[in-house]
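Here is the structure we will look at, set down as structure tokens.
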Amino acid sequence: VQLQASGGGLVQAGGSLRISCVVSGSISISWLDSMAWYRQSPGKELELVASSIIGGSTRYADSVKGRFTISRDDAKNTVYLQMNTLKPEDTAVYYCNARKGGAAHWGQGTLVTVSS
């Protein structure tokens, strides 16, 4: 399973950005137990931002609730993170993650920079 994240960039505070994670390999994202987005800012620990669990439920970090939305397109084997009302503290490298059983797979990360 390979994960390719893309869509990061520089955006002003208050703006929006959508990042994507394409899953390739001999697996459909509909078979995965969960897909998630994590982020890591310089000097900070890895943080779970949003997750999409098998069955359709989603979970968000308190810091992004109401601003970020995780979604998936099974036909494209792609997971998205729509980020609205971005804040400078959202600046981080964002990583996508896929889990199946006890295995976890990670993408290479995409940098999101929010300027004030």
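Taken together, the values in this text are just the output of simple stated rules run on the coordinates, not laboratory data. Keep in mind it's a predicted model, so treat the numbers as computed, not measured. Don't worry about glycine lacking a Cβ; one is built from the backbone with ideal geometry, like all the others, and counts go over all protein chains shown.
As an exercise, identify the trypsin sites (Lys or Arg not before Pro) in the stretch 66-116 lying in DSSP coil whose Cβ has no more than 13 other Cβ atoms within 10 Å.
Numbers: sites: Arg67, Arg72, Lys76, Arg99, Lys100; in loops: Arg67.
Passing sites in the stretch 66-116 do not exist.
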* Whole-number percent relative contact order across the chain, with pairs defined as alpha carbons under 8 Å at least 6 apart -> 37 percent
* Just the Cα atoms of the chain, one point each, no solvent: what log10 I(q)/I(0) does Debye give at q = 0.10, 0.20, 0.23 Å⁻¹? -> -0.26, -1.04, -1.34
